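Here's the structure, in C-alpha cells; my notes come after.
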Amino acid sequence: SPTSGIMTAADAFLDSLDSKLRADTTFDVDSEEWRRWCNIHPYLMRHGAFLDAVSPTQRDLAMGLLRESMSPQGFETARNAMKLNEAIREITGSDDEYGEWLYWLSIMGDPSNDQPWGWQIDGHHLIINFFVLGDQVVMTPAFMGSEPVAVDIGRYAGTRVFETEERSGLALALSLSGGQK
C-alpha cells in the first residue's frame, strides 16, 4: 500500500517536537521498546511522547499519523477507545488511571521510503505496533478494547465501539446447538 503519506505524517509529528521530547520519542528500529507495551495502566513500561502532556497541535499531528496509517473505520475505533477511556475517567473519577490522552506515541527508526521504521501507540485499551518497509505495512501486535463499550452520559455520550463484533459473537453463540455450547 502507499506509505508516503504515513511517512509525511510521522515527519510532521516529529518536526513539532523540541529536541528533548524528540529524543524521548524516537528509538532505533530494532529497539527493545517495540516489545515494551502493556494494557495495564497507567505507567507500566511506557515510553515516547505522552499525549496528555503535549500541545493540542502536537496531539492533532499524532492523530494524523494514526489516521494516515489506518483505515477510516480502524482510526474511528481507535479514537473511540480513547474517548471511552475518558468516559471511564468521568465515571470513576480516577484521573491518574484513565483519560482520553493517557497514551504514549513512539517512532521506531527514521521515517523512510526504503528503510524499515514504524510507530507504536501504547495505553489503556489501545496498543498498536505499526511497522513500515517500503510499500509494505504490518500492524501487529495490536489490541483495541474498551470498558465500557458505550456511554450515554458525559462528554462523549453516544460513543460506542465493537457493536459489529458484539452482534457477530451473539449470532455465533445463538447458532450453536446445546451440545456445541
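The values are calculated or read from the model by the stated rules, or taken from the named source; none is laboratory data. Since we're looking at a predicted model, the values are computed, not measured. In this analysis, Cβ positions are derived from the backbone assuming ideal geometry, glycine residues included, and neighbour counts consider all displayed protein chains. Ligands, DNA and RNA are stripped out before the accessible areas are found, and what is left, the full protein with its side chains, is counted by its heavy atoms. Shrake-Rupley method; radii C 1.70, N 1.55, O 1.52, S 1.80 Å.
Taken over segment 5-23, the residue count meeting the criterion of being in contact with a helix residue (DSSP H, G or I) (Cβ under 9 Å, 6 or more places away or on another chain) and either of a type in the set (S, T, N, Q) or without any contact (Cβ under 8 Å) to a residue 40 or more places away in the chain (or both) is 5.
Report whether or not L66 is within 19 Å of S1 (Cβ to Cβ) and among the hydrophobic types (A, V, I, L, M, F, W, C). Yes; evaluated as a whole, the condition is true for this residue. Criterion applied to L66, L17, L84 was being within 17 Å of F131 (Cβ to Cβ), aliphatic (A, V, I, L, M) and out of contact with any strand residue (DSSP E or B) (no Cβ under 6 Å at 6 or more places or on another chain), and the one residue passing it is L66. List every residue pair whose Cβ atoms sit under 7 Å apart, with the two residues 6 or more apart in sequence or on different chains, where the first one lies in segment 42-66 and is touching a residue at least 12 places away in the same chain (Cβ under 8 Å) and the second, anywhere, is part of a helix (DSSP H, G or I) and hydroxyl-bearing (S, T, Y). Cβ pairs passing all conditions: G48/T25; A49/T25. State whether the residues of segment 156-168 include one that is modelled with pLDDT of 95 or more, within 17 Å of K83 (Cβ to Cβ) and among the hydroxyl-bearing types (S, T, Y). Yes, segment 156-168 contains a residue that is modelled with pLDDT of 95 or more, within 17 Å of K83 (Cβ to Cβ) and among the hydroxyl-bearing types (S, T, Y). Residues that are within 19 Å of G64 (Cα to Cα), of a type outside the set (A, V, I, L, M), open to solvent by 40 Å² or more (accessible area, probe 1.4 Å) and touching a Leu at 6+ places or on another chain (Cβ under 7 Å) occur in segment 101-119; there is at least one.
Checked against the criterion of being out of contact with any Ser or Thr (no Cβ under 7 Å at 6 or more places or on another chain) and within 19 Å of V29 (Cβ to Cβ), the candidates I107, I91, I127 yield just one match: I127. Filtered by the rule that a residue be within 19 Å of G74 (Cβ to Cβ), more than 20 Å from the chain's Cα centre (by Cα) and touching a residue at least 12 places away in the same chain (Cβ under 8 Å), segment 132-180 gives D135, E166.
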